């Protein structure tokens, strides 16, 4: 009975299904790549499939973490891909004009410029959404479309190649034998979790997402919170943009971060955050992003023909989303798996405990009173 | 209310028509003065500015027109067919001598090309071809033969293998271009054609995926290839950018690009030549965007009523590592 209840607790944990899918995808690779899990030292750093997955998945994790916070307020940010392109383009074009591309001060200034541009984009998105009351999907569409043009303007339609060792570190370099980007991601995730779960900020964000007007009436500055999350999201995208351009030592205004907004939204959904806002799970998002990156790697290793790549990806995504649906699980596996789980889309267990099975079809809103 | 709306619509359309008329007048006087000095006028509609290759292509067309003394009217379609069709209609209305364009897509050109034919303006295609019901709708195509580029890549690989003295089984990884794009399909087809005909026993493509013609794509796909097929000894990339990305992954895996894994790619962009001069790429098959001078030559011939070939292939060369250093300073894109 005790093992049974422990099993129940495990399967009802909000991260159970995303992690299960991740483990399953990793295992699928083993027959095709026998030493898939092996990690060895090559040229002074660790090398292996798992390292590659984290390295190439880092930008997506960052963008998805920013997206999670925006989605928690009931918004969405489509402009992240364009911000990725703008940041990379600005930083690389600045560095390419330096006499000494390896000078640390020049590199730091270039990165600062990129981050500054991102803050401007974030403020613009936040202004349109919070002050002008424009639908987030429309407000952020503006930079999504125009931003890529700006990035191409900065790069002159060319791919800018740079040769800077300090810049290469952030997205393609190694530190303590691990990819440096892992540390960047770890810091951003840790800070985000600390700020949202150790302070009241997380509660405020969820309150705004649950009901912006009600939260304003109880004294939360909902507009300011909204502007803040868009700036945060743009900053996350900017760091991802620095990583992507640093990874290949080149800025490609046309292709950098192309469609990353969709992958990021998908990662958030796989991680169990409701698109309706009001609750979120950073941990779930990180797992979701890893699922997407592992899926991409799996497609390359198991030799899915190129023409069917997208179909394969779609099929896996459909299965993952169905597994996330409590109603579907209740139908297929019986009520044991289905009931109650969906209510715990993430967020605080204390809140989830009060949810009933009946509230599973719609994402429950946090009550603010 | 309705009246008011009608009035507004009328006012707007009158204003628009006035604007158009003004434009037409200005353009008319422009071509008139061109006719006075007897300069040949060419209307050129470019696909867009989606890549460095394309930017080089645009620059080449513009400078070649200047050199040839041709009055060039240039427009950028921003990768949209409707923009291109309206640009061509504009050229017909301006009565240019010759129209040239790089079609955004393959189909849907019959109507506008018929209008050009009715106005007796010859049409020259550049870089890419179209599918039409009536082959008399365009005079010629000036552009690359992607299938032949694939064949040339296979020939290049033969040379590279001979030079490296690699006799054993050749295990090839292929980085394909964007799925469904003509260069990706045809380069792969041409390469396979030679391989199947002459190297059935000793060459084998062990793994092949799309890297979307981008560096990031090439890098990521190659990283996965190296994990699942550690015995790869040759890489065929459909463009230089993917090869450059793949080189970074090969180095991260502790192997030497150009030695442990021989690399052949297509395009010949500046950065590709840099990599080749460092010994990291073994051979590059050129796909030349600098077709401006050839285009101007054809335009003049067509205008004079001379017969031209149906498909004028761009002048392209193949480069090995020995030639890379010498050719590097001349690479413009």
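The values are calculated or read from the model by the stated rules, or taken from the named source; none is laboratory data. Keep in mind that this is a model prediction, so the values were computed, not measured. Quick reminder, even Gly has a Cβ in these numbers, built from the backbone with ideal geometry, and neighbours come from all protein chains shown.
Miscellaneous remarks
- Taking residues in segment A:276-291 that are free of Cβ contacts under 8 Å to residues at least 24 places away in the same chain, and partners anywhere that are crowded, with 24+ Cβ neighbours inside 10 Å and part of a loop (DSSP other than H, G, I, E, B), not one pair has Cβ atoms closer than 6 Å while being at least 6 places apart or on different chains.
- A single entry from A:147, A:172, A:202 fulfils the requirement of being out of contact with any strand residue (DSSP E or B) (no Cβ under 7 Å at 6 or more places or on another chain) and within 14 Å of chain B (Cβ to nearest Cβ): A:172.
- Residue in segment B:282-296 that is within 14 Å of chain A (Cβ to nearest Cβ), closer than 23 Å to residue A:255 by Cβ and over 25 Å from the mean Cα position of the chain (by Cα) present: no
- Residue among A:240, A:214 that is under 21 Å from residue A:73 (Cβ atoms), in a helix (DSSP H, G or I) and within 14 Å of chain B (Cβ to nearest Cβ): A:240
- Qualifying residue in segment A:218-231 (condition: closer than 28 Å to residue A:160 by Cβ and in contact (Cβ under 8 Å) with a residue 60 or more places away in the chain): yes
- Residue check for residue A:157: part of a helix (DSSP H, G or I), more than 23 Å from the chain's Cα centre (by Cα) and modelled with pLDDT under 90: no
- Single unsatisfied condition, residue A:187 versus (1) in a helix (DSSP H, G or I); (2) in contact (Cβ under 8 Å) with a residue 24 or more places away in the chain: (2)
- Matching residues in segment A:10-34 - criterion: being within 14 Å of another protein chain (Cβ to nearest Cβ) and in contact (Cβ under 8 Å) with a residue 12 or more places away in the chain: A:25, A:26, A:28, A:29, A:32, A:33
- Residue list for segment A:8-41, filter: closer than 25 Å to residue B:207 by Cβ, in a loop (DSSP other than H, G, I, E, B) and within 27 Å of the chain's Cα centre (by Cα): A:30, A:36, A:37, A:38, A:39
- The set of residues in segment B:49-82 that are within 14 Å of chain A (Cβ to nearest Cβ), assigned to a helix (DSSP H, G or I) and in contact with a strand residue (DSSP E or B) (Cβ under 6 Å, 6 or more places away or on another chain) comprises B:52, B:58.
- Filtering A:71, A:61, A:86 for residues that are over 17 Å from the mean Cα position of the chain (by Cα), assigned to a helix (DSSP H, G or I) and surrounded by 24 or more Cβ atoms within 10 Å (Cβ to Cβ) leaves a single hit, A:86.
For every residue, the table says whether it meets (1) outside the structural domain of residue B:61 (by TED's automatic domain parsing); (2) more than 21 Å from the chain's Cα centre (by Cα); (3) surrounded by 24 or more Cβ atoms within 10 Å (Cβ to Cβ); (4) without any contact (Cβ under 8 Å) to a residue 60 or more places away in the chain.
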| site | (1), (2), (3), (4) |
| --- | --- |
| B:242 | yes, no, yes, no |
| B:275 | yes, yes, no, yes |
| B:305 | no, yes, no, yes |
| B:318 | yes, no, no, no |
| B:323 | yes, yes, no, yes |
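- In segment B:60-81, the residues that are modelled with pLDDT under 90 and out of contact with any helix residue (DSSP H, G or I) (no Cβ under 6 Å at 6 or more places or on another chain): B:76, B:78, B:79, B:80, B:81
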